[in-house]
Each structure stands twice: as C-alpha cells, then as structure tokens.
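Data first, discussion second: the structure below is written as structure tokens.
Coordinate-derived values only; no laboratory data. This is a predicted model, so every value here is computed, not measured. Cβ atoms come from the backbone with ideal geometry, glycine included; neighbour counts cover every protein chain shown.
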Amino acid sequence: MQLNPYLSFDGQCEAAFKFYEQCLGGKINAVMHYGKSPMAEQVPPNWQSKVIHACLTVGDMELMGSDAMPEYFEKPQGFSINLQFNDVTKAEQIFDALAAGGTVRMQLQETFWAKRFGTVVDQFGTPWMINCD
C-alpha cells in the first residue's frame, strides 16, 4: 500500500503543482484537464482548462491533486503536509520557498524535539509542516 496526499484547489491546481515542482525539486508526471477528459461536456467552458488530475513525484513519494468544481471546493483545514528533513539547510530552503507569497504560522526554529520546525500555509492555501531532526 502507498499513502498519497490528494489536494483540492479552487482553479489553481496547475499553477500550484508548477510551484511545488520548483520548490520541492520534484517532477510533474501528469496533468490532465477537464476539457480533454470524458467529462468535457459536463463542465462549463471556463473549466475546460482546469485540472481533473495532477501528479508530482518527489523522490519516491507522490503528491496528487485537482481543481474541485466550485460547488465542491472546501478550503484546506484540519491537516498539514509534513516534510521531514535531516539537513537544516535544505529544511530552511524549502520552508522559505513555500512561504513565498504565503503565510508563516510558526517561524522555522529550533524546538525541544527538532533542530528546526515551522509551519506555513503556501500561496495556494496548502498547510505545510517542516521538521528537521
């Protein structure tokens, strides 16, 4: 079994995944749009270019997502994507990249359990925790 986070966006999935690809050093494997899917006739014209499914590989992990139709979109809450690091410099680099245009909830800092820990909500509304042992 593999556990993969699946994120929903309000029309910004493609931009978010390009941002994550750059920030996390991953590779986008797939981006499928509503307009080129069997659902093309079921979505409004302004949703033809929205993402029905995207997949980003970072190392041996996958992050997936899509644009949720407006009536189904819910703002992310009650979870965070945790990124675990062994390298303080890399943790700081990723934290700063995700914080660009977003909101820092807890500055990346030393804690009693970690060399560095911080939380940020990126510019697309996705909550992240950065932890460095």
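Residues whose amide H falls under 5 Å from that of residue 85, counting only those 5 or more places apart or on a different chain, are 131, 132, 133, with hydrogens built in the peptide plane.
The longest stretch of the chain left intact once loop-based GluC sites (Glu not before Pro) with at most 15 other Cβ atoms within 10 Å are removed from consideration, loops following DSSP, is 1-70.
A helix-only calculation puts the chain at -5500 deg cm²/dmol for mean residue ellipticity at 222 nm, using -39500 (n - 2.57) for each DSSP H run of at least four residues, averaged over all residues.
Among the chymotrypsin sites (Phe, Trp or Tyr not before Pro) within region 4-97, those in coil by DSSP and having at most 16 neighbouring Cβ atoms inside 10 Å are 72, 73, 79.
Between residue 7 and 64, 65, 66, the built amide H atoms are under 5 Å apart, and every one of these is 5 or more places off in sequence or on another chain.
A Förster distance of 41 Å, applied to the separation of the beta-carbon atoms of residue 72 and residue 93, puts the FRET efficiency at 0.75. Taken one residue at a time, the phi angles of region 68-74 give Karplus couplings (6.51, -1.76, 1.60, θ = phi - 60°) of 7, 4, x, 6, 10, 5, 10 Hz. Gly and Pro are set to x.
Phi-derived couplings, Karplus 6.51 cos²θ - 1.76 cosθ + 1.60 at θ = phi - 60°, listed residue by residue for region 88-97: 4, 4, 5, 4, 5, 4, 5, 4, 4, 5 Hz, with x used for Gly and Pro.
Please give the FRET efficiency for residue 107 paired with residue 80, using the beta carbon to beta carbon distance and R0 = 22 Å, rounded to the nearest 0.05. It comes to 0.90. Across q = 0.14, 0.21, 0.25, 0.29 Å⁻¹, region 6-67 modelled as identical point scatterers on its alpha-carbon atoms has Debye log10 I(q)/I(0) values of -0.37, -0.74, -0.96, -1.17, in the order of the q list. Across region 81-132, C-alpha contacts under 8 Å between residues 6 or more apart give a mean separation that, scaled by the residue count, equals a relative contact order of 43 percent. With all projection directions averaged, the alpha carbon convex hull of the chain covers 9.0 nm².
To the nearest 0.05, what FRET efficiency results for residue 133 and residue 41 with a Förster distance of 35 Å applied to their C-beta separation? Before the final figure, lay out the partial values.
Numbers: r = 51 Å, r/R0 = 1.44.
About 0.10, to the nearest 0.05.
Summary of the geometry: region 96-124 and region 35-94, compared by the centres of their Cα atoms, lie 20 Å apart.
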